[in-house]
Amino acid sequence: MNLSKIPQNILWMMGGIFALLIVANLITFLLKKLRPQKDYNELQMRIRSWWVMASVFALAMTLDKSISLWFMAFVSFLAFKEFLSIIPTRRVDRRVIFWAYMAIPIQTCWIMMGWYDMFIIFIPVYMFLWLAAQMVLIGDTSGFLKAVGTLQWGLMITAFTIGHMAYMLVFPNDFNPNAGGGGLVLYLVILTQLNDVSQFIWGKSFGRNKVIPKVSPNKTWEGFLGGVATTIALAWLLAPFLTFFSVRESIIAGAIIALAGFLGDLTMSAIKRDLGIKDTSQLVPGHGGILDRLDSLTYTAPLFFHFTSFVLPNF
Amino acid sequence: MLKHIFFYLCVKPIILIGLGLNVRNYERFPKKGPAIIVANHNSHLDTLVLMTLAPQKLLRKVRPVAAYDYFCSNPVFSWLSKNFLGIIPIKRTRSTKDEDLLQPCYDAIEKQQILILYPEGTRGKPEQMAEFKSGIARLAQKYPQMPICPVYMHGLGKTLPKGSFIPVPFFCDVFIGEALKWNGEKQSFVDSLRKSIEDLQKQGHFPEWE
């Protein structure tokens, strides 16, 4: 690891994340002292998982660019595997599913080559057509539409969206002198996760009016609006360190992340509700599965990516 | 030794990272021999997953009971399965009238080992449980104090079903039940064993696989 090669701002920001986690630990410690009758196990488990996730993420982001890219591919793999394990699949589609998995390393190669045109169409054009064609060639048409639809959607919300995060790392280095592509990824991830947390906290504190009780009974207008305001404020605060955004652009970016994060979260809730499950797996103690944690990112990553590429000169 | 190298360098990383295990009630996994782990059988991976669950000190003692005619069909495969997995090969047909085919199992139990046994006798159709054979009842009857631990596994039949060679990753659920002991009657013992595995199955939520 060559720390001098990593933009200073990224290291400061990572230090900030860990400082925030220490504060979270202190708050839980105080809460336990003040209200010993309440059970804080769930909260403690959540924060412990945050430590693990933040450490793994920090390591993967600072070691080496190709390690960062393969780390994202691995996260896509875990998320896609989790998705396939919770949806109904057809026995005859084993080979098709194998091909769908192969999309992840191939997509990573396009990203490493910096071949944007291929990266952006590989999954939604070639992979989608190829998977459907494979299913046709197998010759079993019962449940075909459902099978092809669920498989494509799975690849879309895992490999394709997380791939956008990876592609930001291979953006040309000089466009963002403050922190490079890594800075944008960090900006996206920090804002998305803090948006989740702040919507949760605002909702817990002031939540009254439910947004869509049928999908997610915990989502309230108060939580949503509080979250949007907090995320926009953070986006504006962090932008000078991690991005090349002007004040106006940072506010738009914050609004996009807040809104998209909310929708991503709801989409995963809808999927789980449809399947009749509570968590997508038990991989991350206190959080559920990896998809439970990535739900908001699956929406924020591509939308933030495209916003960035719109404001980026000469993209 | 070979078994440990094989498991720690090859099997464990592939299973824990490539598939991912969701284990319920791990505290019920046998902590010492003699004991028998009884599970439903869908895939060659079943044995590797169950052995992956064994703590390092116990791994040497865990012995899968396997069909002699399949695993010892050629000398290379036979050597590999004996040294890397430590299988107990069992013949399926008697050569003389009073030969007890379970004799190798008795020997292993006497040596305080932990057996892995699939009472369905074969992997059969993926993710479907076949009839249980009675060998497990004979072992339980002979060693009435020995704990017999029922395990239900789901997902491996999708990952690598009988007749397939390319594994396709899916999460693997492993639900471990309360250990049973011999209850005095063969058929009711087999029935209660089957029922406890079916009850474990009902604890889970498994998507359709048609």
Lone unmet requirement of (1) among the acidic types (Asp, Glu); (2) in a helix (DSSP H, G or I); (3) surrounded by fewer than 16 Cβ atoms within 10 Å (Cβ to Cβ); (4) within 14 Å of chain B (Cβ to nearest Cβ) for A:Asp93: (3)
Residue among A:Val23, A:Val52, A:Val56, A:Val75 that alone is of a type in the set (A, V, I, L, M, F, W, C), open to solvent by 20 Å² or more (accessible area, probe 1.4 Å), farther than 30 Å from A:Gly149 by Cα and within 14 Å of chain B (Cβ to nearest Cβ): A:Val56
Those residues of the range B:45-73 which are of a type in the set (Gly, Ala, Ser) and in contact (Cβ under 8 Å) with a residue 12 or more places away in the chain, in sequence order: B:Ala54, B:Ala66, B:Ala67
Can you tell me which residue is nearest to the other protein chains (Cβ to nearest Cβ) among those in the range B:1-28 that are open to solvent by 10 Å² or more (accessible area, probe 1.4 Å) and not in a helix (DSSP H, G or I)? B:Asn22
Go through the range B:128-166 and give me each residue that's within 14 Å of chain A (Cβ to nearest Cβ) and buried (at least 19 other Cβ atoms within 10 Å of the Cβ). B:Met153, B:His154, B:Gly155, B:Leu156, B:Gly157, B:Lys158, B:Thr159, B:Leu160, B:Pro161
Of the residues in the range B:164-186, those that are over 20 Å from A:Leu84 (Cα atoms) and not in a strand (DSSP E or B) come to B:Gly177, B:Glu178, B:Ala179, B:Lys181, B:Trp182, B:Asn183, B:Gly184, B:Glu185, B:Lys186
So is A:Met102 within 14 Å of chain B (Cβ to nearest Cβ), of a type in the set (A, V, I, L, M, F, W, C) and either closer than 25 Å to A:Leu303 by Cα or surrounded by 22 or more Cβ atoms within 10 Å (Cβ to Cβ) (or both) or not? yes
What are the pairs, 6+ residues apart or on separate chains, where a residue within the range A:35-47 that is among the hydrophobic types (A, V, I, L, M, F, W, C) has its Cβ under 9 Å from a residue that is assigned to a loop (DSSP other than H, G, I, E, B)? A:Leu43/A:Gly286; A:Met45/A:Pro285; A:Met45/A:Gly286; A:Met45/A:His287; A:Ile47/A:Gly286
Just one of (1) more than 8 Å from every other protein chain (Cβ to nearest Cβ); (2) crowded, with 21+ Cβ neighbours inside 10 Å; (3) of a type outside the set (Phe, Trp, Tyr) trips up A:Asp64, so point out which. (2)
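The values are calculated or read from the model by the stated rules, or taken from the named source; none is laboratory data. Bear in mind that the values here come from a model prediction, so they are computed numbers and not experimental data. Virtual Cβ from ideal backbone geometry, glycine too; neighbours counted across all protein chains shown. SASA here: full protein model, heavy atoms, side chains in, ligands and nucleic acids out. Shrake-Rupley method; radii C 1.70, N 1.55, O 1.52, S 1.80 Å.
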